[in-house]
Structure formats: structure tokens, C-alpha cells
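The structure appears right after this line, and notes come after that.
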Amino acid sequence: MKPIIFSLPGNENIANSIAEKFDAQIGEAVIHQFPDEESCVKIVSDVKLRDVIVVCTLHHPDSKLLSLYFLCRGLKEFGANSILLVSPYLGYMRQDKRFNPGEVITSEYFAKFISTFVDSLITIDPHLHRRLSLDEIYSIPSKVLHASELISKWIKENIKKPIIIGPDSESEQWVSEVAKRAGAPFEVLQKIRLGDHDVKISVPNMKNYIDHTPVLVDDIISTARTMIETVGHLKNTIMNAPVCIGVHAVFAGNAYQDLCLSGAGQIVTCNTIEHISNKIDVSELLAKNIQSTLIENKN
Ligand code: R5P
């Protein structure tokens, strides 16, 4: 029997694109929101003894989690053999320590909860910073994929003489890999976060790169303050407008508009979260790894 793919609202395009790339059926489920904002989940397709893939990217996770939980519980109740959660962006990864007394380390509870209702997980570039592996918090098998190869390919094809810039030490893991694959130099800056919308970034030394195009690479663009601060420093030191590349287009509130107005030349993201800035397609990467995970799970 073919695997069957369900998607939560907002994930239909990437789910269809994944399904086209291997022999999977699109499953039908209806998630209806009642006027009081409780949800009604109805599974239309037959899932008995099927390997089920559920695609749900987890930005704004609080508003999605219950529907996802109900859907997965229902799929199991109706006989699904296994549930593989494909979450191209995995939320709640940044709250990985008690930054202030009394704060709850939510990434752990989030991971524990997800691990109770799906059998395995695939994601792309989760924010692994103080933690080295998802296994430290998820008790289900997980596969972490990386967008670096696709990002480097985009840079090679679109930017002449790039200098890759990581806005903070956490970004070094992505930036060094992207730079190596793109055959470009790189610089990593220092960041101090003073508040949700307040960051200070060190001034890059672009002396040797004035004829290059700066390409900022980060995993998440949320408030975009990290990118905006860095673009601000670069505007005055280099001739070409900076290109901002984020794996995950979270873009909270007016962040995208703010970044467009900041002087960024181009804003480019992967389609781990559907957004107008998506230019790098991760569906093939996901499809390949979903297929191999299903085979591994059988053995
Ligand atoms: C965290 O350090 C991440 O790597 C990003 O730099 C951060 O999430 C960006 O956040 P914002 O867009 O809110 O500055």
C-alpha cells in the first residue's frame, strides 16, 4: 500500500510537492474551526494499516498544536500503521535554557508532548544551539536535514562575488558550510540580544571585500532585527546591497516589510514556511528523506 500524506492548513503546497516526487497518496482530512475556536477534525481517507505522513510546519505553534494532536490521535485510532511527522520548521527550539529565573524550558516539554503522538520526525535545520541533537529532548527517532547545499547552489547561480556573513556565533554552523560549498569567503559577527526586538551586532570588517556582495545567512528570520542591524552596518561599507537569506521565514508581525525597507537588496528564504520570499525549494530534499525513513522504519 502507498504511503498517505496529510497536511495541516497552510502546508498543502509543500505536501503536494512532496507527494509528486514519490509514489504517495494525498490524504483527505477536514479541520473545521467552530465559532468558539474549538476545532473539529474529520479524517475522510481510509488509513487502516497505512504508513501516514503528516506535514505541519510549526511556526506559530500554539495555534496549531491541538489540531495536529487531534489529527494524529484520530489517525492512530482509525488504524494507521505509523505516523511520520514532517515539520520543515520545528518551533520551540530556541527556548533551550532558563534565560531568567522562573522560566520554563519549553523546548523540552514541547518535544516530550510531540513524542507522545507521532512515531518519528523529520525536520530541516532546527535551532540546535546549546543542544547537539534532537535526541536530547525527543524520545522518538528523528532525522535532521540541512538546507545548506540548496542555499549554496542558489548563491552560486545568482550572486557574483559573494561574501557570506553570519550575524552571530550560532550561525557559524550554517555559514561555514554554505561558504565552503559556494566557494566564497565568510565572516561571523557577534550578537548581543537585549530584548525580543533589540539586538546589537558587531560591525563587520569589509575592507577586503568592497567589490563583493554581502550575503547574510541565518536559520530563522523572526523579528528580522538581526538582519536589519547587520544590513544597517553593511550599507555604509560596501557597494552592493546586501542579500538576506534565511532558512525559515517566520517573519513575526511587520518584520518582512521592515526588512524590505532596511536596505536589503534581496530577501530569500526556503519554503519550509510558505512566504512570498520563498525562492529555495526543499520539497525534493524532504521527499528523498521521507522515502528512506519509511524504508528504514520497515526494517
Ligand atoms: C537565533 O539566534 C537565530 O539564529 C536567529 O539569529 C534569530 O532567531 C533571529 O531572530 P530575529 O529575526 O528576531 O532577530
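Every number here is computed from the coordinates shown, using simple stated rules; none is lab data. What you see is a predicted model, and the numbers here were worked out from it, not measured in a lab. Quick reminder, even Gly has a Cβ in these numbers, built from the backbone with ideal geometry, and neighbours come from all protein chains shown.
Odds and ends about this structure:
- Rounded if a/c under 1.5, otherwise prolate or oblate - segment 145-254, Cα gyration tensor axes: oblate
- Residues whose amide H lies under 5 Å from that of A80, counting only those 5 or more places away or on a different chain, are L49; hydrogens are built 1.01 Å from N in the peptide plane.
- Label-point separation in nm, I210 to E108, each point 7 Å along Cα→Cβ: 5.2 nm
- Model label points for E38 and K160, set 7 angstrom from Cα along the Cα-to-Cβ axis, are 6.3 nm apart.
- Counting neighbouring Cβ atoms within 10 Å and putting the fewest first, the residues I43, I53 line up as I43, I53.
- Between the C-alpha center of segment 141-156 and that of segment 205-250 there is a gap of 19 Å.
- Segment 7-102, dipole about Cα centre (Lys/Arg Cβ +1, Asp/Glu Cβ -1), debye to the nearest 20: 400 debye
- Computed FRET value (nearest 0.05) for M239 with E274, which takes r as the C-beta separation and R₀ as 41 Å: 0.75
- Where GluC sites (Glu not before Pro) fall in DSSP loop in segment 55-149, at most 11 other Cβ within 10 Å: E103
- Where both bridge residues fall in the chain, DSSP classifies roughly 20% of the beta bridges as antiparallel.
- For the chain: relative contact order, % (alpha-carbon pairs under 8 angstrom, 6 or more apart): 13 percent
- Taking a point 7 Å from the Cα of I26 along the Cα-to-Cβ direction, the residues of segment 57-75 with backbone N closer than 18 Å to it are 57.
- Here N297 and C260 are evaluated by their C-beta separation; at R0 = 45 Å the FRET efficiency comes out at 0.60.
- About the centre of its Cα atoms, segment 153-289 shows a dipole size close to 440 debye [charges on the beta carbon of Lys, Arg (+1) and Asp, Glu (-1) only; nearest 20 debye].
- Relative contact order (%) - segment 138-283, alpha-carbon pairs under 8 angstrom, separation at least six: 20 percent
- Here the Debye sum runs over all C-alpha atoms of segment 1-118 as equal scatterers in vacuum, and log10 of I(q)/I(0) at q = 0.16, 0.22, 0.23 Å⁻¹ comes out as -0.77, -1.27, -1.35.
- Global geometry of the chain, whether rounded, prolate or oblate, following the gyration tensor of its Cα atoms and the 1.5 cut on a/c: prolate
- With the largest listed first and rounded to whole Å, the semi-axes of the equivalent ellipsoid of segment 203-264 from the Cα gyration tensor are 21, 11, 9.
- Rounded to the nearest Hz, the phi-derived 3J(HN,Hα) couplings of segment 32-42 under the Karplus curve 6.51 cos²θ - 1.76 cosθ + 1.60 (θ = phi - 60°) are 9, 9, 6, x, 7, 6, 6, 10, 10, 10, 10, where x marks glycine and proline.
- Inter-label distance, D281 to R181: 1.7 nm, where each label sits 7 Å from its Cα along the C-beta direction.
- Only DSSP H runs of four or more residues enter the estimate; each adds -39500 (n - 2.57), and after division by the residues of the chain the mean residue ellipticity at 222 nm equals -9500 deg cm²/dmol.
- Rounded FRET efficiency, nearest 0.05, which uses the C-beta distance separating S45 from H197 and R0 of 41 Å: 0.40
- Cα centroid separation - segment 258-299 against segment 7-50, whole Å: 19 Å
- Placed amide H near F6: partners under 5 Å, 5+ positions off or other chain: G27, I53, V54, V55
- Simple Cβ-charge dipole of the chain, Lys/Arg +1 and Asp/Glu -1, about Cα centre, in debye nearest 20: 600 debye
- L216 sits among other residues whose Cβ lies under 14 Å from its own Cβ, and their net charge, with Lys and Arg +1 and Asp and Glu -1, is -4.
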